[in-house]
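A.B. asks: This structure is in structure tokens; I'll ask about it shortly.
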Amino acid sequence: MQTVEKANINWSELGFGYYKTDKRFVSMYKDGKWDDGALIDDPNIVMNECACVLQYAQTCFEGMKAYETVDGHVVVFRPDMNAQRMHNTALRLEMPPYPEDKFVEAIEKVVKANLKYVPPYGTGASLYIRPYLFGYSPVMGVKPANEFMFRVFVSPVGPYFKGGSKPITLKVSDFDRAAPRGTGDVKAGLNYAMSLHAGVLAHKEGYNENLYLDPKTRTKVEETGGANILFITKDGKVVTPKSSSILPSITRRSLMYVAQHYLGLEAEEREVYMDEVKDFAECGLCGTAAVISPVGKIVDHGREIAFPSGMEKPGKTIQKLYDTLTGIQYGKIEAPEGWIRRIA
């Protein structure tokens, strides 16, 4: 374990935003192969005005975090799962997948090169890691690029929602997040572009996030603009929506495992109908950025669905899930094999 002098940052005041750090990783795909890649200083990208990413949104990304543990190590949570998900997304978008082993190596290199930006244990902040891949070469006709760039940068971040663990309010959106046989199950940038207008409208109306229903029947719960969702039944079962058009969240899958194997709860992935939401006891949004954020209320076109857990603090099961998963991430609780990758 190496001792690194931390950057001069007020860690407790960090929001969830971009903060320039020292190094980032870049690799180019050209003539049918990826180069070895390198750490560089320059955060800027120069590309042709007709680059495929600018014309046809041929781009995808991942998100994960590095943490300083209770015993002073720096670790990353399940980067192999992100590598696998980006591989699947790249194939769907006609991009050459960045090799999964090289992906994990790139993550390690960037975190090691920016150790001073890993927030100290106990601050509630973490080092967000953003790998992304995009079509770099100019393309005029509608077709994939033939040259691509893979990059990884990091940024220290605070909580995704400003209220921290205070329950948030969702709005049932009139917009659709993804088509039934579209790209909802991969982490394509275009999915998030589709959610921006709906997100701005929701914020103007005083809501924290949108809740999207299935685009075909608009009777089933899918996910929000930036996170999967899970519910707790009144008898303590953890339920999460099952759909072919939602993103397979690594955090959500980890929480379902934690519910079963650490907390002894029944956990089920199934179709969740909007009509039954009123019967749940608790609700939470889960993803890399937020980990799990409690939901106190969902507003469906003027009809308020208030969860018994209330608007003041997380429900007891949501809190247990959060405490257990973050305990694993910060080294306070023993992790399942392969979940934690030590960097320093």
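A.B. asks: What pairs come out if I take residues in the range 326-344 that are in contact (Cβ under 8 Å) with a residue 12 or more places away in the chain and outside any helix (DSSP H, G or I) and pair them with residues that are open to solvent by 40 Å² or more (accessible area, probe 1.4 Å) and of a type in the set (A, V, I, L, M) whose C-beta lies under 8 Å away, six or more apart or interchain?
C.D. replies: 330/70; 331/70; 331/340; 332/70; 344/1; 344/4
A.B. asks: So, restricting to strands (runs of 3 or more DSSP E) that lie completely within the range 26-128, which ones have at least 2 residues that are among the aliphatic types (A, V, I, L, M)?
C.D. replies: 38-40, 64-68, 74-77
A.B. asks: I would also like to ask the following. I'm trying to understand the selection: among the residues of the range 282-316, which are more than 25 Å from residue 157 (Cβ to Cβ) and buried (at least 23 other Cβ atoms within 10 Å of the Cβ)?
C.D. replies: The answer is 282, 298, 307, 309.
A.B. asks: Taking the range 112-128 on its own, how many of its residues are more than 15 Å from residue 76 (Cβ to Cβ) and either of a type in the set (D, E, K, R) or in contact with a Lys or Arg (Cβ under 8 Å, 6 or more places away or on another chain) (or both)?
C.D. replies: Total meeting the criteria: 2.
A.B. asks: Determine whether residue 212 is touching a strand residue (DSSP E or B) at 6+ places or on another chain (Cβ under 6 Å), open to solvent by less than 30 Å² (accessible area, probe 1.4 Å) and not hydrophobic (A, V, I, L, M, F, W, C).
C.D. replies: For residue 212, the condition - touching a strand residue (DSSP E or B) at 6+ places or on another chain (Cβ under 6 Å), open to solvent by less than 30 Å² (accessible area, probe 1.4 Å) and not hydrophobic (A, V, I, L, M, F, W, C) - is met.
A.B. asks: Take residue 239 and decide whether it is modelled with pLDDT of 95 or more, out of contact with any Asp or Glu (no Cβ under 8 Å at 6 or more places or on another chain) and open to solvent by less than 50 Å² (accessible area, probe 1.4 Å).
C.D. replies: no
A.B. asks: Which of the strands (runs of 3 or more DSSP E) found entirely inside the range 167-229 contain at least 3 residues meeting this: closer than 21 Å to residue 281 by Cβ and more than 17 Å from the chain's Cα centre (by Cα)?
C.D. replies: Those strands (runs of 3 or more DSSP E) span 168-172.
A.B. asks: So residue 47 ticks every box in (1) in contact (Cβ under 8 Å) with a residue 40 or more places away in the chain; (2) surrounded by 18 or more Cβ atoms within 10 Å (Cβ to Cβ) but one. Which box is left unticked?
C.D. replies: For residue 47, the failing item is (2).
A.B. asks: Please name all residue pairs, on different chains or six or more residues apart, with Cβ atoms under 6 Å, provided the first residue is in the range 2-31 and is touching a residue at least 24 places away in the same chain (Cβ under 8 Å) and the second residue is of a type in the set (Asp, Glu) and not in a helix (DSSP H, G or I).
C.D. replies: Final answer for the pair search is 27/35; 28/35; 30/147.
The values are calculated or read from the model by the stated rules, or taken from the named source; none is laboratory data. Just so it is clear, the structure is predicted and the values come from calculations on it, not from any experiment. Note that each Cβ is placed from the backbone with ideal geometry, even for glycine, and that neighbours are counted across all protein chains shown. SASA here: full protein model, heavy atoms, side chains in, ligands and nucleic acids out. Shrake-Rupley method; radii C 1.70, N 1.55, O 1.52, S 1.80 Å.
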